[in-house]
Amino acid sequence: MAQHIVIAEPSYLMKRGISAVISDILQAEVVFIDELEELNHYLETNTADFVFIDVRLLHSKDQREIFFQLRGNARVVALTGKDKNIPASRHFHDIMNRYASKEEIIPVLEKLLAETPENKNKNALLSERETEVLKQVALGYTNQQIADRLFISRHTVISHRKNITSKLGIKTVSGLTVYAVLNNLIPRDQIE
Amino acid sequence: MTQQQLVTAGTKMADVIHMNHLLLPVINRFGIRLGFGDQTVEEVCAQYDVNLSFFLDIVNAYHDETYFPREKMRAYPVDMIVDYLLKTHDFYRQKMLPETQQLVEDLIGSCSTDCDNLGMIKDFFSKYKKELENHLRSEEEHFFPYVQALTRIGQVSQGLEEIRSAYNFSYDAHSEEHENVVSKMLDLKNIIIKYLPPDYDNALCNNLLYWLFIFEKDLKDHERLEDIILLPALRKIEQQLMQNSG
């Protein structure tokens, strides 16, 4: 599945440039965002594999904190210029300088992309446990009910569900149900 | 024209379609119909009494995801934006949803053996269709009238909470519905692309997929207009009203 990449950067030239460089390396679905508030709003309902963010967007401390909470599993790359001070630099997985040369940029990107959980899961089938959780989801059980039925914690259920969605590319319960029936994991007549 | 080129007042309307045929329904929403000869965008807009600047921003934003002049778009009258969004609703209801349903049924009908499970896709879509219709209706009954009402009153006589509850609008419910509508569309595409059992007709399946890609693109554009233009406008008016009354 294509990597989901968000580029938060007001400069048109930079956006286009970053997106072009990324598309040379991998298949990506790119979303462009101009303001931090808008990015936070986007992340409330969407997940991203990568966020490239211009550090100049991070001046509002409140919005910055919200962003670091919302980023989830996204790898965050700071886009810097000549600025010496990078706010909250410990939150970044990597830093790209807009004046860097090709041989500096490409290895950074390749390293980052190789590390994504999605790449590690590439072509991976669902594990036995994940299949078990998927069946329960498709049968309409809630996370807590699944935890009780499979004798695992609710937290573990949620983590299995994240992996299932990332492996299958299907997010919603109804979508997962269709998948489960199409693959004969559960009989159709057991669906409500 | 290449992808990065912007449509301008002087662009020939015919060239706009050559550049990106997905803009056809967008142009139709402005009431504009084919047969423009060599007329420019400006001439066609004048003929159909369409606001040129708004037309250009909508068309360019639809065509090029990196184009979205926020401040400029936030300055358009709310009624203008709502009117455009209502036309997209009509398009979903009258065209996209029924056609997609037909394509799903054609696809399922093309299956000759062991077709029972394929029915799941049909059920999934029927449910989706209802959810999207409900979402559109809730926007028309709650969200749009609430924004429009707030833009019309200069001074609040009632408390903001009262007005909001009169229109029964909830930010959370609205954003949840949005997410649901977009996620399910993505799921449907992935189920068909990745997991469709092999017994189906290629051409019918491709038709459905082309259609779903167009549908998804349009939904995302619709969502972007609401999330980036309308909702912030709404929050701003709410804040102003609270300051005035407080």
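General observations
- Residues residue A:110 and residue A:86, FRET efficiency given R0 of 22 Å [Cβ-Cβ distance, rounded to 0.05]: 0.50
- For residues of B:120-129, the mean tally of beta carbons on other chains within 10 Å: 3
- Dipole of region A:40-91, positive end: most advanced residue of A:52, A:81, A:70 [Cβ charges, Cα centre]: A:81
- Of B:47, B:39, B:101, the residue with the greatest mean-square motion in the GNM of chain B, using alpha carbon springs below 10 Å, is B:47.
- Point-charge dipole on Cβ atoms (K/R +1, D/E -1) for region B:1-100, about Cα centre, debye to 20: 240 debye
- Full extension of the chain segment joining residue B:102 with residue B:153 gains 13.9 nm, where the gain is 0.36 nm per residue of separation less the Cα-Cα distance.
- Those residues of region A:152-181 whose amide nitrogen sits under 12 Å from the label point placed on residue B:131, 7 Å along Cα→Cβ: A:171-178
- Rounded to 0.05, the FRET efficiency of the residue A:25 and residue A:73 pair, given R0 = 30 Å and the Cβ-Cβ distance, is 0.90.
- Within the protein assembly as shown, antiparallel bridges make up roughly 5 percent of the DSSP beta bridges whose residues both belong there.
- Distance-filtered residues of region B:211-239 - backbone nitrogen under 15 Å, label point 7 angstrom along residue B:74 Cα→Cβ: B:225-239
- Per residue of B:180-186, other chain Cβ atoms within 10 Å of the residue Cβ number 4 on average.
- Estimated from helices alone, the mean residue ellipticity of chain A at 222 nm is -15000 deg cm²/dmol (sum of -39500 (n - 2.57) over DSSP H runs with n ≥ 4, per residue).
- Signed unit charges on C-beta, dipole axis of region A:128-190, positive-most listed residue A:166, A:142, A:184: A:166
- Region B:13-67: proportion of alpha-carbon pairs further apart than 19 angstrom, %: 15 percent
- For chain B, Cys with no neighbouring Cys Cβ under 4.7 Å: B:45, B:205
- Our summary gives chain B a relative contact order of 21 percent, counting only alpha carbon pairs under 8 angstrom and 6 or more residues apart.
- Dipole magnitude of the protein assembly as shown, debye to nearest 20 (Cβ charges: Lys/Arg +1, Asp/Glu -1, about Cα centre): 980 debye
- Here residue A:63 and residue B:20 are evaluated by their C-beta separation; at R0 = 25 Å the FRET efficiency comes out at 0.15.
- Only Lys, Arg (+1) and Asp, Glu (-1) charged, at Cβ; chain A dipole about Cα centre in debye: 340 debye
- Lysine pair count for chain B [Cα-Cα under 14 Å; pairs on different chains or 8 or more apart]: 11
- Whether region B:1-143 is rounded, prolate or oblate, judged on the alpha carbon gyration tensor where a/c under 1.5 counts as rounded: prolate
- For chain A, the equivalent ellipsoid built from the Cα gyration tensor has semi-axes of 37, 18, 14 Å, listed from largest to smallest.
- Other protein chain C-beta atoms within 10 Å of residue C-beta, averaged over A:172-185: 6.
- Under the Debye formula (equal points on every Cα, no solvent term), log10 I(q)/I(0) of region A:128-190 at q = 0.17, 0.21, 0.30 Å⁻¹: -0.49, -0.76, -1.42
- Of the peptides B:25-33, B:136-144, A:104-112, the order by per-residue mean of other Cβ atoms within 10 Å, starting with the highest, comes out as B:136-144, B:25-33, A:104-112.
- Between region A:138-192 and region B:67-122, the Cα center-to-center distance that results, in Å: 27 Å
- Whole-percent pair-distance distribution, where bins are 5 Å wide, for the alpha carbons of region B:63-216: 1, 7, 14, 17, 16, 13, 10, 8, 6, 4, 2, 1, 0, 0
- Under 14 Å from the Cα of residue A:135 - aspartates and glutamates, other chains or at least 8 residues apart: A:189, A:192
- Environment charge at residue A:155 (Cβ cut-off 12 Å; Lys +1, Arg +1, Asp -1, Glu -1): +3
- Rounded to two decimals, the Cα-based Rg/Rh of the protein assembly as shown, with Kirkwood Rh, is 0.97.
Values quoted throughout were computed directly from the atomic coordinates according to the rules given, and no laboratory measurement underlies them. Quick caveat: nothing in here was measured; it's all calculated off a predicted structure. Positions of Cβ are generated from backbone atoms using ideal geometry, with glycine treated the same way; all protein chains shown enter the neighbour counts.
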